[in-house]
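Only one structure is covered here, and it is reproduced in the block below.
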Amino acid sequence: GAVVSQHPSRVICKSGTSVKIECRSLDFQATTMFWYRQFPKQSLMLMATSNEGSKATYEQGVEKDKFLINHASLTLSTLTVTSAHPEDSSFYICSAHFGTGGEKLFFGSGTQLSVL
Amino acid sequence: KQEVTQIPAALSVPEGENLVLNCSFTDSAIYNLQWFRQDPGKGLTSLLLIQSSQREQTSGRLNASLDKSSGRSTLYIAASQPGDSATYLCAVTGGNTGKLIFGQGTTLQVKP
């Protein structure tokens, strides 16, 4: 099946630094990529939707200046958490979507971000 | 606004038991519903996808049903095994966009 690669799998950083997370579709071109956030013992919450070559669409309550999304190609989307703070510590996961006539959706393995 | 709820939040059963996980959604105008498995600190594995026109899907020991009119889905796991221990998430989408709305999940523990 199709594979979505997400890196890094885990990152620990100091408060105030920026962290970039990559989401790459390895064997298909993704029409759309999605970024989710999951706090401990909670479900996945959609943060933003990104389409190649256009600005990301953010969900209500998600700060676009804090969570920068770049979707430069059909196989790569990046999420940058700028000036990270402890409250940004969470599990971030991407998914890539392609095709029509049914759901073609694949998830990355996630990134655990810990901000000290 | 679509809301997805899963009951129970946690479940512990002895090995070999059959079990049912429940998922409900408030807006019946869904495109499809998916059940996922998530292991601790890991990504999601898609288990079953049910299109809105379908009533159920089966894969091995798993059977998922969908009653769109009542806004409910169930995931039936037969002859549970310790390896089934994980969090099970259901998610719905309103169109073929890939945008999913997730429930809170049911954390299953199967004891040997």
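Assign unit charges at the C-beta atoms only (+1 for Lys and Arg, -1 for Asp and Glu), then state the dipole size of the protein assembly as shown relative to its Cα centre in Debye, rounded to the nearest 20.
Numbers: 19 positive and 17 negative charges, 40 e Å.
Result for the protein assembly as shown is approximately 200 debye, rounded to the nearest 20.
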Practice problem: Compute all pairwise cysteine Cβ distances in the protein assembly as shown, then list the cysteines with no distance under 4.7 Å to another cysteine. | Solution: A:CYS13
Quiz item: Assigning unit charges at the beta carbon (Lys, Arg +1; Asp, Glu -1) and nothing else, what dipole magnitude in debye, to the nearest 20, does region B:30-75 show about its Cα centre?
Solution: 40
Quiz item: Rounded, prolate or oblate: which fits the protein assembly as shown when a ≥ b ≥ c are the square roots of the eigenvalues of the alpha-carbon gyration tensor, with rounded for a/c under 1.5 and prolate only if a/b beats b/c?
Solution: prolate
Quiz item: Per residue of A:38-44, what is the mean number of Cβ atoms on other protein chains within 10 angstrom of that residue's Cβ?
Solution: 5
Practice problem: May I ask you to derive the relative contact order of region B:27-100, considering only C-alpha pairs under 8 Å and at least 6 residues apart, and to give it as an integer percent? | Solution: 37
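If you stretched the chain out fully between A:MET45 and A:ARG10, how much longer would it get, using 0.36 nm times the residue separation minus the C-alpha to C-alpha distance? Before the final figure, lay out the partial values.
Working: separation 35, 0.36 × 35 = 12.60 nm, distance 1.91 nm.
Difference between extended and current length: 10.7 nm.
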Exercise. Sorted from largest down, give the three principal axis spans of the alpha carbons of region A:1-71, whole angstrom values.
Key: 35, 25, 25
Quiz prompt | Cα gyration tensor shape of region A:15-116, rounded if a/c is under 1.5, else prolate or oblate by comparing a/b with b/c | solution = prolate
Self-check item: Residue-wise HN-Hα coupling along region B:51-68, computed from phi with Karplus coefficients 6.51, -1.76, 1.60 (Hz; x: Gly, Pro)
Solution: 6, 4, 8, 9, 9, 7, 9, 10, 8, x, 7, 9, 9, 10, 10, 9, 10, 5
Exercise. Over the whole of B:38-47, what's the average partner chain Cβ count within 10 Å per residue? Rounded to a whole number, please.
Key: 5
Quiz item: Taking square-rooted eigenvalues a ≥ b ≥ c of the alpha carbon gyration tensor, is chain B rounded, prolate or oblate, where a/c under 1.5 means rounded and, failing that, a/b exceeding b/c means prolate?
Solution: prolate
Self-check item: Dipole of chain B [Lys/Arg +1, Asp/Glu -1 at C-beta], most positive-end residue of B:CYS23, B:SER53, B:THR74
Solution: B:SER53
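Remind me, relative contact order of chain A in percent, using alpha carbon pairs under 8 angstrom and six or more residues apart? Before the final figure, lay out each step's value.
On the way: 292 pairs, mean separation 42.7, N = 116.
Reported as a whole number, the value is 37 percent.
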Practice problem: Show B:LEU47, A:LEU79 ordered by accessible area, largest first, where the area counts protein heavy atoms only and the probe is 1.4 Å. | Solution: B:LEU47, A:LEU79
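The values are calculated or read from the model by the stated rules, or taken from the named source; none is laboratory data. Not measured: the values here are computed from a predicted model. Heads up, the Cβs are rebuilt from the backbone with ideal geometry, glycines too, and the neighbour counts pull from every protein chain shown. Note: areas computed on protein heavy atoms with side chains; ligands, DNA, RNA excluded. Shrake-Rupley method; radii C 1.70, N 1.55, O 1.52, S 1.80 Å.
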